[in-house]
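These notes are about the structure you will find just below.
The values are calculated or read from the model by the stated rules, or taken from the named source; none is laboratory data. Computed from a prediction, not measured in an experiment: that's the story for all the values here. Positions of Cβ are generated from backbone atoms using ideal geometry, with glycine treated the same way; all protein chains shown enter the neighbour counts. To get the accessible areas, we keep the full protein, side chains included, count just its heavy atoms, and leave off ligands, DNA and RNA. Shrake-Rupley method; radii C 1.70, N 1.55, O 1.52, S 1.80 Å.
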Amino acid sequence: MANNEGIIKVRNLYKWFGEVNALRGVDLDVAHNQVVVIIGPSGSGKSTLLRCINRLEKPTYGEVWVDGKELAQHEHNLNQIRSEIGLVFQSFNLYGHLTALENITLSLRVVQKMSRQAADQIAYEQLAKVGIKEKAEKYPNQLSGGQQQRVAIARALAMQPKVMLFDEPTSALDPEMIKEVLDVMLLLVEEGLTMVVVTHEMGFARAAADKIVFIDQGKILEKNSPEDFFNNPACERTQQFLSQILY
């Protein structure tokens with residue numbers, strides 16, 4: 001269960017891209033060991049919110065706190081802070097010229113200055129956790145989409161992050177590969193990892209989330225438990241959205 005001490009705090013967050021207002025006054029709290037699932041229609045600001053939490057996007061206005069640090073006040077130390085926030089993209093983002101093992105060990109050796117032996121040991125452990133230790137010497141083009149995404153998850157986990165962000169991690173996968181990635185994510189939930197997940201997989205949201213956040217047109221319209229969110233949504237827009245995707 002999550003304790004009461006927050007690891008992520010977002011306050012009055014705005015993000016403009018030219019004339020497009022992607023986020024409009026977003027407030028969000030994520031507690032330690034909590035799983036927050038963010039859902040909403042395409043273009044609603046879900047991915048932008050994740051990228052602001054990781055500081056891949058600089059907010060136009062507002063504050064993002066991660067583990068007690070306000071990111072705008074730690075521009076000089078962003079790489080260290082980012083190393084504590086794992087981010088898994090929908091497009092894998094693996095280096096094609098590196099093996100699965102090398103994709104994982106690169107940051108360990110460059111950022112954390114580990115020896116090859118120490119980095120390899122961690123990489124093998126994480127590949128075993130995601131169920132593909134035998135693929136360590138394979139290149140991305142020799143792996144299925146589901147296997148590539150599991151390498152990406154292992155790469156993020158190898159840095160021992162305090163929180164993991166998932167940006168629609170199954171949206172680029174063929175249907176039969178989705179389950180193998182969701183199974184890994186459910187394992188991480190069972191281990192108590194703090195996670196913020198943008199997804200369209202409602203089954204995962206029901207099973208894994210402590211809290212579901214519904215966002216539309218850059219605004220959070222509802223925050224609720226999975227049971228109340230799906231069975232008794234408070235917001236009319238949430239009801240409309242769920243009616244379109246569940247029936």
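Given the criteria touching a His at 6+ places or on another chain (Cβ under 6 Å), crowded, with 18+ Cβ neighbours inside 10 Å and farther than 20 Å from residue 168 by Cα, does residue 7 qualify?
Details: touching a His at 6+ places or on another chain (Cβ under 6 Å): yes; crowded, with 18+ Cβ neighbours inside 10 Å: yes; farther than 20 Å from residue 168 by Cα: yes.
Answer is yes for this residue.
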Applying the selection to segment 16-36, what residues are under 19 Å from residue 66 (Cβ atoms) and of a type outside the set (S, T, N, Q)?
23, 26, 27, 28, 29, 30, 31, 32, 35, 36
Of all residues in segment 120-130, which are under 23 Å from the mean Cα position of the chain (by Cα), buried (at least 16 other Cβ atoms within 10 Å of the Cβ) and of a type outside the set (Val, Ile, Thr)?
123, 124, 126, 127, 129
May I ask you to say which residue of 85, 38 is at pLDDT below 95 and surrounded by 21 or more Cβ atoms within 10 Å (Cβ to Cβ)?
85
Working only within segment 187-237, note down all residues that are in contact (Cβ under 8 Å) with a residue 12 or more places away in the chain, assigned to a loop (DSSP other than H, G, I, E, B) and out of contact with any Phe, Trp or Tyr (no Cβ under 9 Å at 6 or more places or on another chain).
192, 193, 200, 201, 210, 217, 225, 234
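So, in segment 134-149, how many residues would count as being in a helix (DSSP H, G or I) and either open to solvent by 40 Å² or more (accessible area, probe 1.4 Å) or in contact with a Gly (Cβ under 7 Å, 6 or more places away or on another chain) (or both)? Can you show your working first?
First, the residues of segment 134-149 that are in a helix (DSSP H, G or I): 134-135, 140-142, 145-149.
Now restrict to residues that are either open to solvent by 40 Å² or more (accessible area, probe 1.4 Å) or in contact with a Gly (Cβ under 7 Å, 6 or more places away or on another chain) (or both): 134-135, 140-142.
Residues flagged as in a helix (DSSP H, G or I) and either open to solvent by 40 Å² or more (accessible area, probe 1.4 Å) or in contact with a Gly (Cβ under 7 Å, 6 or more places away or on another chain) (or both) within segment 134-149 amount to 5.
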Candidates 219, 223, 162, 179 - the one that is under 13 Å from the mean Cα position of the chain (by Cα) and open to solvent by 50 Å² or more (accessible area, probe 1.4 Å)
162
Residues within segment 95-124 that are in contact with a Ser or Thr (Cβ under 8 Å, 6 or more places away or on another chain) and closer than 17 Å to residue 143 by Cβ, tallied:
1
Among (1) of a type in the set (Val, Ile, Thr); (2) free of Cβ contacts under 8 Å to residues at least 40 places away in the same chain; (3) open to solvent by 70 Å² or more (accessible area, probe 1.4 Å), there is one condition residue 111 misses while meeting the rest; what is its number?
(2)
Tally the residues that are under 24 Å from residue 16 (Cα atoms), open to solvent by less than 60 Å² (accessible area, probe 1.4 Å) and over 19 Å from the mean Cα position of the chain (by Cα), restricting the search to segment 70-82.
3
Those residues of segment 227-241 that are surrounded by fewer than 18 Cβ atoms within 10 Å (Cβ to Cβ) and either in contact with a helix residue (DSSP H, G or I) (Cβ under 7 Å, 6 or more places away or on another chain) or of a type in the set (A, V, I, L, M) (or both) come to a total of 2
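Restricting segment 165-176 to residues that are hydrophobic (A, V, I, L, M, F, W, C) and crowded, with 20+ Cβ neighbours inside 10 Å, which is modelled with the lowest pLDDT?
Filtering segment 165-176 down to residues hydrophobic (A, V, I, L, M, F, W, C) leaves 165-166, 172-173.
With crowded, with 20+ Cβ neighbours inside 10 Å added as a condition, the list becomes 165-166, 173.
On the way: 165: 97, 166: 97, 173: 92.
Among residues in segment 165-176 that are hydrophobic (A, V, I, L, M, F, W, C) and crowded, with 20+ Cβ neighbours inside 10 Å, the one modelled with the lowest pLDDT is 173.
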Just checking, how many residues over segment 150-173 are assigned to a loop (DSSP other than H, G, I, E, B) and among the β-branched types (Val, Ile, Thr)?
1
Quickly run through segment 90-105 and pick out the residues that are more than 19 Å from residue 165 (Cα to Cα), touching a helix residue (DSSP H, G or I) at 6+ places or on another chain (Cβ under 8 Å) and open to solvent by 50 Å² or more (accessible area, probe 1.4 Å).
95, 96
